[in-house]
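Visitor: Sharing a structure here in structure tokens format.
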């Protein structure tokens, strides 16, 4: 037995440590971002998002479903931030609309560029489906973010900006629930067209008074079953080429009853949106936006493990080539076999690879990014049952969080999952999305995972700021390690560079 | 309620006159305002002036490092703060000096390896910590009463009763991952504390969804006994305008709160 353990340790050394020591492996940083002074928290800090300041990449902000400690605020929800490249993290409550259990609702945040202004699209935690578009010039200050736009009946605001000629160009994809028009009597839809996929762009958002140039543009050009699925994802190239991907809900879809039948649609505009995102026309139906894949059956909020799945989508454009664009989505009528797909276009979205570049079964939360070297990064979370993660409590399933890079025509996974953790930390442990981005040649990402502290569950050299005893697999609320707290879900920040 | 001691009243009055720091946003106008805004109150000893414990807070004559001697009030604060140093951004630059022990009335700002807090009024000598604790506790009770009274004021009906059944369907849903998954609870009214009820049973809609949008809204089950603060059009969602709901945690109170709620209903008239 000892021999076997020694062999395993040696093998792990050769797989993980040796490549890094001789400089040929990827450099990976992995940090649980819960600050030391928040060590007592046991919330489900899921559905994280990340913003890295492209002008100063050591400035990083992360969001998650975390309530603000009442000693700071009962009215503003928190962000986490780091000003040293992600080594240490702070919590600052500046997002309007705190909820005592979850903090904010849906939230995505980004920096544009040299302005240093942080933007966010959120659903407030103290209202029901109310969208706010926010900004702050100083995310470390105690001053709440400024509300630029406030609108009812919206879903999944997804923020993506880009700096251009001294301006911050900000695009917030959103699903306009107010426009739903579903004849099924269980729904109360008072809209007219059901063409709900929309974007709120602003061509100069940094300093102008609210609404700072934001106004809504409807993207959907086709008939729907009454409402599109929630994700609307922008991707922006510095040349002014803007892509938007969304999931059109087909007229024959179950339309939020059990399953949806959807098309992956990609729109493009070549001048920062001035052309109305009409650069691509589908050769099949002549409508704006190319249908990358059609008739995809998607379980609607069925459970994959303890996580709900239904509508997953990501898009990324190559910084070196505005015509090279990748899209990833999830589908599957059976939530237990929800499957991710990645496809590519090399002609600006006109045509797409007929088959998947990558297929991952029993997985969710796809996130794509492309670095300045043109290398594609792909982050996702896969349920494995029975899994190999260490655990306390019951169950056999594990969520493995993988980060793969496309090298030539081959995907290369890290030698160890970023996280491989038990799926027994309560419902909704991951959230409806994660995020990955690249600044220069480095990838930055965030995901949520069970924080059960066992080094075998994480990429080597994982760092916790919260009070932990790795040998006993315990978490504590105090530095003296006298007050044990239960395991829960935390956001994990990571970087990968070759 | 005990009268506010003179020294605290004077401290706060002085704060009203002197509080002009940009981070304070609004100058507190009276002791109640100060206590309401002070979400973190502690007794501490100033270690260093013009210093901080956090790299993201720039040292200035408005920042001091303070050793926490005793936490008086601070929900969500680390349990082992006593003896540790934190950063205090002063309401009035230079208002304290190294070695001085004081009662700090602050609100939290940053939590990291250490903490930073912002004074809502200039601190003064600590005095009797038990006295400070009693004053803060009294203020917290009053604040909780105010919040409940505000909720009662916006409620159309306040009843004590028992859930006799829960059913699904018939209420308008939204096609979103945040669908409320409405259910209806039939509540037999045992006493009416506010408003008018036409029948002995009222129907209350509640979201069964545990999605973050609805996760903090109370869920009801058969046999549950409580006091309900019932609102109409509380969710402000189309199609739900006429439904009675109790969507906030404050809207469901345990029955041992009956006398308190009766008092608040009466005083709110």
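Visitor: Those residues that are within 17 Å of residue A:362 (Cβ to Cβ) and in contact with a helix residue (DSSP H, G or I) (Cβ under 7 Å, 6 or more places away or on another chain), I need them from segment A:398-422; list them, please.
Guide: A:419, A:420, A:421
Visitor: So, in segment B:213-227, exactly how many residues are in contact with a helix residue (DSSP H, G or I) (Cβ under 9 Å, 6 or more places away or on another chain) and at the interface with chain A (Cβ under 8 Å from one of its Cβ atoms)?
Guide: 1
Visitor: Working only within segment A:123-137, note down all residues that are without any contact (Cβ under 8 Å) to a residue 40 or more places away in the chain and either in a strand (DSSP E or B) or touching a strand residue (DSSP E or B) at 6+ places or on another chain (Cβ under 7 Å) (or both).
Guide: The answer is A:123, A:124, A:130, A:132, A:134.
Visitor: Given the criteria surrounded by 15 or more Cβ atoms within 10 Å (Cβ to Cβ), more than 9 Å from chain A (Cβ to nearest Cβ) and touching a residue at least 60 places away in the same chain (Cβ under 8 Å), does residue B:187 qualify? Steps first, please.
Guide: On the way: surrounded by 15 or more Cβ atoms within 10 Å (Cβ to Cβ): yes; more than 9 Å from chain A (Cβ to nearest Cβ): yes; touching a residue at least 60 places away in the same chain (Cβ under 8 Å): no.
No: the conditions fail for residue B:187.
Visitor: Would you mention how many residues in segment A:166-197 are within 24 Å of residue A:267 (Cα to Cα) and either within 14 Å of chain B (Cβ to nearest Cβ) or over 21 Å from the mean Cα position of the chain (by Cα) (or both)?
Guide: 17
Visitor: Within 13 Å of chain A (Cβ to nearest Cβ), crowded, with 19+ Cβ neighbours inside 10 Å, in contact with a strand residue (DSSP E or B) (Cβ under 8 Å, 6 or more places away or on another chain) and over 28 Å from residue A:138 (Cα atoms) - does that describe any residue in segment B:73-85?
Guide: Checked against the condition, which is being within 13 Å of chain A (Cβ to nearest Cβ), crowded, with 19+ Cβ neighbours inside 10 Å, in contact with a strand residue (DSSP E or B) (Cβ under 8 Å, 6 or more places away or on another chain) and over 28 Å from residue A:138 (Cα atoms), segment B:73-85 yields at least one hit.
Visitor: Out of the residues in segment B:27-52 that are under 26 Å from residue B:142 (Cα atoms), within 13 Å of chain A (Cβ to nearest Cβ) and outside any strand (DSSP E or B), which is modelled with the lowest pLDDT?
Guide: B:36
Visitor: How many of the residues making up segment A:56-82 are more than 9 Å from chain B (Cβ to nearest Cβ) and within 18 Å of the chain's Cα centre (by Cα)?
Guide: Residues flagged as more than 9 Å from chain B (Cβ to nearest Cβ) and within 18 Å of the chain's Cα centre (by Cα) within segment A:56-82 amount to 8.
Visitor: Within segment A:152-165, restricting attention to residues that are touching a residue at least 60 places away in the same chain (Cβ under 8 Å) and surrounded by fewer than 21 Cβ atoms within 10 Å (Cβ to Cβ), which residue is nearest to the other protein chains (Cβ to nearest Cβ)?
Guide: A:163
Visitor: Assess whether residue B:168 counts as being modelled with pLDDT under 95 and touching a helix residue (DSSP H, G or I) at 6+ places or on another chain (Cβ under 7 Å).
Guide: no
Visitor: Any chance segment B:127-148 includes a residue that's within 22 Å of the chain's Cα centre (by Cα), away from every other protein chain (no Cβ under 14 Å), modelled with pLDDT of 95 or more and crowded, with 18+ Cβ neighbours inside 10 Å?
Guide: Scanning segment B:127-148 turns up at least one residue that is within 22 Å of the chain's Cα centre (by Cα), away from every other protein chain (no Cβ under 14 Å), modelled with pLDDT of 95 or more and crowded, with 18+ Cβ neighbours inside 10 Å.
Visitor: If I ask for residues that are part of a loop (DSSP other than H, G, I, E, B) and closer than 16 Å to residue A:493 by Cβ, which ones from segment A:398-434 would you list?
Guide: Those that are part of a loop (DSSP other than H, G, I, E, B) and closer than 16 Å to residue A:493 by Cβ: A:414, A:417, A:418, A:430, A:431, A:433, A:434.
Visitor: Residue A:85 - would you say it is surrounded by fewer than 24 Cβ atoms within 10 Å (Cβ to Cβ), more than 9 Å from chain B (Cβ to nearest Cβ) and under 21 Å from residue A:208 (Cβ atoms)?
Guide: Spelling it out, it is not the case that residue A:85 is surrounded by fewer than 24 Cβ atoms within 10 Å (Cβ to Cβ), more than 9 Å from chain B (Cβ to nearest Cβ) and under 21 Å from residue A:208 (Cβ atoms).
This table checks each residue for (1) in contact with a strand residue (DSSP E or B) (Cβ under 9 Å, 6 or more places away or on another chain); (2) within 30 Å of residue A:440 (Cα to Cα).
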| position | (1), (2) |
| --- | --- |
| A:192 | no, no |
| A:201 | yes, yes |
| A:216 | yes, no |
| A:232 | yes, yes |
| A:241 | yes, yes |
| A:244 | yes, yes |
| A:250 | yes, no |
| A:271 | yes, yes |
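Visitor: Within 29 Å of the chain's Cα centre (by Cα) and closer than 23 Å to residue A:130 by Cβ, is that true of residue B:207?
Guide: yes
Visitor: Does segment B:191-212 contain at least one residue that is part of a loop (DSSP other than H, G, I, E, B), closer than 27 Å to residue A:102 by Cβ and touching a helix residue (DSSP H, G or I) at 6+ places or on another chain (Cβ under 8 Å)?
Guide: Of the residues in segment B:191-212, the ones part of a loop (DSSP other than H, G, I, E, B) are B:195-200, B:208-212.
Those left that are additionally closer than 27 Å to residue A:102 by Cβ: B:208-212.
Then drop every residue that is not touching a helix residue (DSSP H, G or I) at 6+ places or on another chain (Cβ under 8 Å), which leaves none.
Among the residues of segment B:191-212, not one is part of a loop (DSSP other than H, G, I, E, B), closer than 27 Å to residue A:102 by Cβ and touching a helix residue (DSSP H, G or I) at 6+ places or on another chain (Cβ under 8 Å), which makes the answer no.
Visitor: Please find, among A:123, A:91, the residue that is at pLDDT 95 or above, facing chain B (nearest Cβ under 8 Å) and closer than 18 Å to residue B:214 by Cα. Spell out the reasoning first.
Guide: On the way: A:91 fails: closer than 18 Å to residue B:214 by Cα.
Among A:123, A:91, only A:123 is at pLDDT 95 or above, facing chain B (nearest Cβ under 8 Å) and closer than 18 Å to residue B:214 by Cα.
Visitor: Something else now. Restricting to segment A:342-366, count the residues that are over 22 Å from residue A:397 (Cα atoms) and either touching a strand residue (DSSP E or B) at 6+ places or on another chain (Cβ under 7 Å) or crowded, with 23+ Cβ neighbours inside 10 Å (or both).
Guide: Going residue by residue through segment A:342-366, those that are over 22 Å from residue A:397 (Cα atoms) are A:342-358.
If we keep only those that are either touching a strand residue (DSSP E or B) at 6+ places or on another chain (Cβ under 7 Å) or crowded, with 23+ Cβ neighbours inside 10 Å (or both) as well, we get A:342-353, A:356-358.
Residues in segment A:342-366 being over 22 Å from residue A:397 (Cα atoms) and either touching a strand residue (DSSP E or B) at 6+ places or on another chain (Cβ under 7 Å) or crowded, with 23+ Cβ neighbours inside 10 Å (or both): 15 in total.
Visitor: Could you tell me whether residue B:158 is away from chain A (no Cβ under 14 Å), surrounded by 19 or more Cβ atoms within 10 Å (Cβ to Cβ) and either touching a residue at least 40 places away in the same chain (Cβ under 8 Å) or closer than 23 Å to residue B:59 by Cβ (or both)?
Guide: Spelling it out, residue B:158 is indeed away from chain A (no Cβ under 14 Å), surrounded by 19 or more Cβ atoms within 10 Å (Cβ to Cβ) and either touching a residue at least 40 places away in the same chain (Cβ under 8 Å) or closer than 23 Å to residue B:59 by Cβ (or both).
Visitor: Please indicate, with yes or no, whether at least one residue in segment A:273-293 is assigned to a loop (DSSP other than H, G, I, E, B), modelled with pLDDT under 95 and more than 23 Å from residue A:435 (Cα to Cα).
Guide: no
Visitor: Considering only residues of segment B:110-119 that are assigned to a strand (DSSP E or B) and within 15 Å of residue A:36 (Cα to Cα), which is farthest from the other protein chains (Cβ to nearest Cβ)?
Guide: Residue satisfying both the conditions and the ranking: B:116.
Visitor: Just one of the numbered conditions (1) over 30 Å from residue A:138 (Cα atoms); (2) at pLDDT below 95 is not true of residue B:55; which one?
Guide: Result: residue B:55 passes all but (1).
The values are calculated or read from the model by the stated rules, or taken from the named source; none is laboratory data. It should be emphasised that the depicted structure is a prediction, and the values quoted were computed from it without experimental measurement. Reconstructed Cβ throughout: ideal geometry from the backbone, glycine too, with neighbour counts over all protein chains shown.
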